[in-house]
1. Can you give me the distance in nm between label points at Glu25 and Lys102, each placed 7 Å from the Cα along the Cα-to-Cβ direction?
2. What order do you get for Trp78, Trp61 when you list them from fewest to most C-beta neighbours inside 10 Å?
3. Amide H of Trp61 versus every other amide H placed in the peptide plane: which residues, excluding those fewer than 5 positions away on the same chain, fall under 5 Å?
4. For a test of understanding, tell me how many lysine pairs in the chain have Cα atoms under 12 Å apart, given they are 8 or more places apart or on different chains.
5. Can you put Ile85, Ile10 in order of Cβ neighbours within 10 angstrom, beginning with the fewest?
6. Amide H to amide H under 5 Å from Thr11: which residues, 5+ apart in sequence or cross-chain, H placed 1.01 Å off N in plane?
7. Taking the chain as a Gaussian network, where each spring joins two C-alpha atoms under 10 Å apart, which residue of Asn51, Asn64, Asn30 fluctuates the most?
8. Given the Cα-Cα distance of Asp52 and Ile13 and 0.36 nm per residue of separation, how much length would full extension add, in nm?
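Please treat every number below as a calculation from the coordinates, not as lab data. These numbers were taken from a predicted model, which means no experiment stands behind them. Don't worry about glycine lacking a Cβ; one is built from the backbone with ideal geometry, like all the others, and counts go over all protein chains shown.
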Amino acid sequence: MGMCKPSGGITKIYGPYGKNNKDIEGCPPNSRTDYYDKETEKLLQQRWYDNDGKAIWDRDWDHNDSTHTHPFPHDHFWEWTKNNIHPPRPEYKGPNDEKINKHYC
Ligand SMILES: [Zn+2]
């Protein structure tokens, strides 16, 4: 289960470093956004959207990391069932401590 080569397409977005892509709903179903630093054009975050166009999965390639030391890239998943206004975004950990889920690509 996952979303490889999103059928809804991939949208490039440019913005400031240290911000998330704020679109978490209303996106093309089964799509992905790639968020780039507008200054350096470095990839900062990829986000996958489900059948309903809601954020379902994030891959962080770079962000401020002052309080923790986890490596990049790492994944977060969206827990929509717990809070539909702004769901929590726990960090993904695979069965062998993987930081990314290769089924999202
Ligand atoms: Zn992160």
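1. 3.6 nm
2. Trp61, Trp78
3. Correct list: Gln45, Gln46.
4. Working: Lys5/Lys102; Lys12/Lys38; Lys12/Lys42; Lys19/Lys38; Lys22/Lys54; Lys93/Lys102.
Number of lysine pairs found: 6.
5. Numbers: Ile85 4, Ile10 13.
In increasing order of surrounding Cβ atoms, one gets Ile85, Ile10.
6. Amide H to amide H, under 5 Å and 5 or more residues apart or across chains, Thr11 pairs with Arg32, Thr33, Asp34.
7. Asn64
8. Details: separation 39, 0.36 × 39 = 14.04 nm, distance 2.02 nm.
Difference between extended and current length: 12.0 nm.
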